[in-house]
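The values are calculated or read from the model by the stated rules, or taken from the named source; none is laboratory data. It should be emphasised that the depicted structure is a prediction, and the values quoted were computed from it without experimental measurement. As a convention, Cβ positions derive from the backbone with ideal geometry for all residues, glycine included, and neighbour counts pool all protein chains shown. When the accessible area is computed, the model is the full protein with side chains, heavy atoms only, and any ligands, DNA or RNA have been set aside. Shrake-Rupley method; radii C 1.70, N 1.55, O 1.52, S 1.80 Å.
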Amino acid sequence: GVRPGTPTFNMDLPAIDHRIIFWMNWKYKVNGLLYWCLNYWQKNPWNTAMTWPDENGNGCLLYPGEKGPIDTIRIEVIRDGMEDYEYFYILNDLVNRLKENGNQPILVKESESLLDIDKSIISNTSEYTHNPEVIIKRREQVGNLIEQIMNLQDTSSESK
């Protein structure tokens with residue numbers, strides 16, 4: 001349920017609150033998310049944002065359209081958060097392979113540092129950064145390391 005000070009998918013919160021949930025999933029080793037409804041249209045959401053008592057947009061991440069559901073900015077931000085989680089997953093997998101082979105200890109250390117969601121990003125489920133630049137910068141760093149490690153693997157397999 002919604003608790004003041006914790007991130008949710010309600011529309012009255014900044015976008016960072018929708019995205020940070022997936023960073024919390026990574027930090028606390030939660031590998032899934034169950035959300036109760038994407039199209040709770042008891043009232044016309046185009047006319048009434050309050051889809052649930054005292055909550056705007058709860059259960060309404062898609063809007064009805066003539067040719068099918070229309071996505072919201074929130075669901076696009078949620079997608080970004082899911083992609084962030086996937087970046088962490090991919091980097092973690094690549095790092096584990098490097099460790100198995102005893103290769104690139106500096107890259108391993110740098111990667112492990114980025115995979116550790118420290119208190120500067122998330123202290124607990126109600127204390128986290130509200131600065132999207134912090135998230136964007138970390139995602140870029142993770143993406144760069146993924147690319148660097150994959151290029152190393154491509155180079156080493158070509159030389160064999």
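Any idea of the accessible area per residue across the range 1-154, 1.4 Å probe, to the nearest Å²?
Result: 61 Å² of accessible area for each residue.
Express the carbon and sulfur contribution to the solvent-accessible surface of the range 61-160 as a percent, rounded to the nearest whole number, probe 1.4 angstrom. Write down the numbers at each step before the final one.
On the way: 3180 of 6440 Å².
Roughly 49 percent, rounded to a whole number.
Apply 1/(1 + (r/R0)^6) to the Cβ-Cβ distance of ASP93 and GLU127, taking R0 = 30 Å, and write down the FRET efficiency to the nearest 0.05. Present the calculation step by step, with values, prior to reporting the outcome.
On the way: r = 29 Å, r/R0 = 0.97.
Once rounded, the FRET efficiency stands at 0.55.
What is the total of Lys pairs in the chain with C-alpha atoms under 27 Å apart, excluding same-chain pairs fewer than 8 positions apart?
17
How many angstrom separate the Cα center of the range 1-30 from the Cα center of the range 102-160?
21 Å
Principal axis extents for the range 48-105, Cα atoms only, whole Å, descending order, please.
58, 30, 12
Leaving ligands, DNA and RNA out of it, report the carbon-plus-sulfur percent of the accessible area of the range 1-43 at a 1.4 Å probe.
57 percent
Give the accessible area for ARG139 in Å² (nearest 10); use a 1.4 Å probe, count only protein heavy atoms, and leave out ligands, DNA and RNA.
So the heavy atoms of ARG139 present about 50 Å² to solvent.
Would you mind computing, in nm to one decimal, how far apart the modelled labels at ALA49 and GLN141 are, each placed 7 Å from Cα along Cα→Cβ?
Taking the two extended label points, one gets 3.4 nm.
Considering amide H positions built from the backbone, and no H for Pro or chain starts, which residues 5 or more places from CYS60, or on another chain, come under 5 Å of its amide H?
Placed amide hydrogens put TYR40 under 5 Å from CYS60.
Taking every pair of Cα atoms in the range 82-151, average 1/r, invert it to obtain the Kirkwood radius, and report Rg/Rh to two decimals.
1.00
Mind pulling the per residue volume of the convex hull built on the Cα atoms of the chain? Å³ is fine.
134 Å³
If R₀ is 30 angstrom, what is the calculated FRET efficiency for the pair TRP41 and MET82, using the beta carbon separation as r and rounding to 0.05?
Step by step, r from the Cβ atoms, then E = 0.80.
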